[in-house]
Amino acid sequence: MILNRDLVIIGAGPSGLCAAKMAAEAGQKVLLIDRNPQLGGQLIKQTHMFFGSEKQYAKTRGFDIAKKLIDDVKKYPDLVEIWDNSTVVGLYSDKVLTVLTGETYRKVQAKAIIVATGASEKVLAFENNDLPGIYGAGAVQTLMNVYGVKPGEKIVMVGSGNIGLIVSYQLMQAGVKVLAVIEAAKVIGGYKVHASKLRRLGVDIITSCTIKKAIGKDKVEKIVTVRLNEKWEEIPGTEKEYEVDAVCIAVGLSPLTNLLAMIGCELKYVGELGGLVPVLSKDYETTIEGVYACGDASGIEEASSAMVEGYITGLAAAKKLGKVHPQYDELMVDLRKQLDILRSGPFGEKIRKGLAKLEGVKEVC
Amino acid sequence: MMRIKEHPILDFSKERKIIRFTFNGQEVYGYEGDTIASALSALGVKEFSVSIKHKRPRGFYCAIGNCSSCHMIVDGVPNVKTCITLLKEGMKVETQTNKGELYDLK
């Protein structure tokens with residue numbers, strides 16, 4: 001048996017929830033699918049307050065933003081159907097999705113699809129990098145802030161981007177000792193405000209330094225770090241050993257484009273956006289008509305931009321299905337302006353560069 | 001115990017229902033709202049499975065259902081993503097040491 005649905009949104013993180021809200025506001029029926037027991041994506045583990053502007057809930061803690069966004073979609077119980085604990089395992093070119101919920105396998109025929117699957121944490125190559133106790137920084141954040149469990153007692157953070165810095169601070173809030181934050185680049189990657197907070201608490205942030213190997217039998221017990229020269233080569237004799245029971249890897253995210261690849265959208269490698277990303281129109285439609293992508297799945301940015309992209313995509317997809325939001329034009333102008341503002345300034349440079357590379361592709365096709 | 005007791009922002013002091021389960025035959029417990037992975041982590045368990053070829057120990061890596069590093073055998077079903085599967089009373093959780101074998105649907 002195949003179930004028929006109009007608009008299916010895969011992923012109920014910031015982008016998917018915002019897309020669902022806008023589509024519902026336009027009068028469009030939505031099926032929202034998420035593989036986790038809780039909706040909200042990675043917002044549910046963010047205990048820090050967001051930057052940006054009021055429109056993207058600045059000065060609000062991430063988990064409170066998640067509650068707001070979930071409340072937003074729950075205002076439309078007749079329009080928004082939610083399947084949680086459900087993993088989309090297949091996406092086919094005739095817009096058929098296959099979904100696994102526990103032992104129940106369902107097939108859904110959609111008219112339009114929004115892929116808002118988010119991102120996954122990158123791994124780093126070093127000796128014994130597979131030992132238990134070596135975690136993605138986001139994993140540690142989930143474990144601590146959602147489930148109230150510490151990953152260990154003594155930890156080293158690898159990577160000083162915003163995730164590395166914020167999670168280090170949150171580890172300390174949970175009572176974990178952060179022995180050091182190490183960074184392979186010459187400069188700290190994240191915002192100065194986060195780095196200063198850590199330094200005030202006495203945490204060393206060591207630049208031009210990387211992890212050489214992990215040591216341990218069944219779990220990580222020690223790590224060895226090493227300093228790097230200008231050419232990113234190891235400097236012999238600079239090895240340092242730390243006794244740890246956990247290591248956090250915070251070296252960036254990759255867009256989760258597996259489903260987009262499966263349905264056959266055109267993807268392009270753009271390093272600045274985290275890896276393979278879908279080629280999109282300005283309404284976030286992929287090269288397959290009626291299939292959209294937004295949020296981190298379409299390129300790594302902040303949760304704030306993921307929300308705005310979600311709103312835009314929700315509006316566009318609903319319009320495609322004949323449901324035009326009463327304030328469609330004004331909203332689109334305002335949302336695009338919000339995105340421009342979020343991507344302005346020195347920290348948006350990488351994203352602007354990445355998007356410019358994609359721009360070139362669109363002109364060709 | 002790896003449970004956080006005091007936290008400046010989050011409140012973990014609320015009493016939660018105890019959920020009993022077995023880990024490799026041993027009777028243990030976690031709390032309502034735990035995933036299998038968080039309950040095991042709280043008990044200090046880090047090894048969830050072993051790698052298929054070289055039999056190296058594996059723990060979870062991403063905790064959001066993506067990396068497949070947390071697969072375990074749960075109630076006889078292999079390859080269960082324990083990081084996104086909520087703990088239930090009486091669950092039988094086992095370390096997975098192979099690719100997983102065919103099982104009968106209950």
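Tabulated results
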read-out	value
Three-way shape call for the stretch A:275-365 based on the alpha-carbon gyration tensor, with the a/c threshold at 1.5	oblate
18 Å Cα-Cα reach of residue A:122 towards aspartates and glutamates, excluding residues that sit fewer than 8 places from it in its own chain	A:130, A:183, A:272, A:296, A:301, A:302
Global form of the stretch B:40-85, assessed from the alpha-carbon gyration tensor, a/c cut-off 1.5	rounded
Cβ-defined net charge surrounding residue A:170, 13 Å radius [Lys, Arg +1; Asp, Glu -1]	+4
Separation of the residue A:89 and residue B:16 label points, Cα + 7 Å toward Cβ, nm	2.8 nm
Relative contact order computed over chain A (Cα-Cα under 8 Å; 6+ residues apart), in percent	19 percent
Where labels lie 7 Å past Cα in the beta-carbon direction, separation of residue A:241 and residue A:357 in nm	4.1 nm
Residue-by-residue Karplus 3J(HN,Hα) for the stretch A:204-216, coefficients 6.51, -1.76, 1.60, Hz, glycine and proline x	6, 10, 9, 8, 6, 9, 9, 8, 8, 7, 10, 10, x
Whole-Hz couplings from phi, Karplus 6.51/-1.76/1.60, listed for the stretch A:224-239; x for Gly and Pro	10, 10, 8, 7, 10, 8, 4, 8, 6, 9, 5, 9, x, x, 9, 5
Lysine pairs within chain B, Cα separation less than 20 Å, 8 or more sequence positions apart or different chains	19
Residues in the stretch B:33-57 occluded by at least 40 Å² - accessible area, probe radius 1.4 Å, against chain by itself	B:38, B:46, B:56, B:57
For residue B:80, distant residues with modelled amide H under 5 Å away	B:72, B:74
Extension gain (nm, one decimal) between residue A:71 and residue A:288, 0.36 nm per residue minus Cα-Cα	75.0 nm
Per-residue mean of C-beta atoms belonging to partner chains within 10 Å, peptide B:4-15	5
Contour minus Cα-Cα distance for residue A:111 and residue A:199 (0.36 nm per residue)	26.5 nm
Extension gain from residue A:231 to residue A:344, taking 0.36 nm per residue of separation minus the Cα-Cα distance	37.6 nm
Ratio Rg/Rh, restricted to the stretch A:102-250 and using Cα atoms, in which Rh is the Kirkwood radius	1.07
Ordering of B:62-71, A:306-315 by packing [mean C-beta count within 10 Å, highest first]	A:306-315, B:62-71
Where labels lie 7 Å past Cα in the beta-carbon direction, separation of residue A:185 and residue A:129 in nm	1.8 nm
Portion, in percent, of the accessible area of chain A that falls on carbon or sulfur, probe 1.4 Å	52 percent
Neighbouring partner chain Cβ atoms per residue of A:127-137, average, 10 Å criterion	5
Pairs of Lys in the stretch A:166-242 closer than 19 Å at Cα, counting only those 8 or more apart or on different chains	13
21 Å Cα cut-off, lysine pairs counted over the stretch A:1-118 (separation 8 or more, or different chains)	27
For the protein assembly as shown, convex hull of alpha carbons as volume per residue, Å³	157 Å³
Sum of side-chain charges, residue A:327 neighbourhood, beta-carbon under 11 Å (Lys, Arg +1; Asp, Glu -1)	-4
Estimated dipole of the stretch B:37-106 in Debye, rounded to 20 [Cβ of Lys and Arg +1, of Asp and Glu -1, Cα centre]	280 debye
Centroid-to-centroid separation of the stretch B:56-106 and the stretch A:24-68 [C-alpha atoms, Å]	28 Å
Percentage, to the nearest whole number, of Cα pairs in the stretch A:172-248 over 21 Å apart	34 percent
Ranked by how many other beta carbons lie within 10 Å on average, peptides A:326-339, A:265-278 from highest	A:265-278, A:326-339
Positive dipole terminus of the stretch A:106-152, leading residue within A:110, A:128, A:138 (C-beta point charges)	A:110
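The values are calculated or read from the model by the stated rules, or taken from the named source; none is laboratory data. Being a predicted model, the structure only gives us computed values, none of them experimental. With ideal geometry, Cβ positions are generated from the backbone for all residues, glycine too; neighbour counts draw on all protein chains shown. Just the protein is used for accessible areas: all its heavy atoms, side chains included, with ligands, DNA and RNA removed. Shrake-Rupley method; radii C 1.70, N 1.55, O 1.52, S 1.80 Å.
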